[in-house]
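Presented below is the structure to which this report refers.
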């Protein structure tokens, strides 16, 4: 009887080890299957957060008091509360600073997928272009709702790396602008003159450039 019990114990132990090995194998397979899904979910979350930021920026533009003139801060002189004089100075942050009350916080000017920028907690003296992930459409107007008003900064000519400065978009012929792989990997969010925000791939971006309703729109890239 004692010998039989010891033999049965060894068989039970061997079965348990095999069962454990199978469980571990299943867990490893599940992990490899879930990793792409987790990456996709993270990208989707970053895209959504960025889109929400730009919706709030669009709302700020629409509620900015002087916007009733059909123009936004970047097209109105400083003496009238705008930031037009800063267009050629490269200080894109000034265009947003004029709407600090409507924006409430500069943190919404930072895309969470932008690992080359950092968010700011204040529109104070330390606030500058490095705290901004979004371009400003210098010629966007309310009466042309399809004009590019703001959007992800990962724009360049023919897939070249985006550089700070002025990017001139023409509709006829359309400027060969494209998304870079920064931020949202060859896609991006664009806020339009009517305050709406669109998520566009490369093909939709090209179509958007042609459909702005104006001959030229200059984009100030941070």
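The values are calculated or read from the model by the stated rules, or taken from the named source; none is laboratory data. Treat the numbers as computed from the prediction; the structure is a model and nothing was measured. Virtual Cβ from ideal backbone geometry, glycine too; neighbours counted across all protein chains shown.
One line per residue, one yes/no per condition, for (1) surrounded by 23 or more Cβ atoms within 10 Å (Cβ to Cβ); (2) touching a helix residue (DSSP H, G or I) at 6+ places or on another chain (Cβ under 6 Å); (3) part of a loop (DSSP other than H, G, I, E, B):
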{"site": "114", "(1), (2), (3)": "no, no, yes"}
{"site": "119", "(1), (2), (3)": "no, yes, yes"}
{"site": "136", "(1), (2), (3)": "yes, yes, no"}
{"site": "143", "(1), (2), (3)": "no, no, yes"}
Hits in segment 90-111 - residues which are surrounded by fewer than 19 Cβ atoms within 10 Å (Cβ to Cβ) and closer than 21 Å to residue 190 by Cβ: 102, 107
Odd one out for residue 91, checked against (1) outside any loop (DSSP other than H, G, I, E, B); (2) at pLDDT below 90: (1)
Identity of the residue in segment 181-222, farther than 18 Å from residue 136 by Cβ and in contact with a strand residue (DSSP E or B) (Cβ under 7 Å, 6 or more places away or on another chain), that ends up surrounded by the most Cβ atoms within 10 Å (Cβ to Cβ): 184
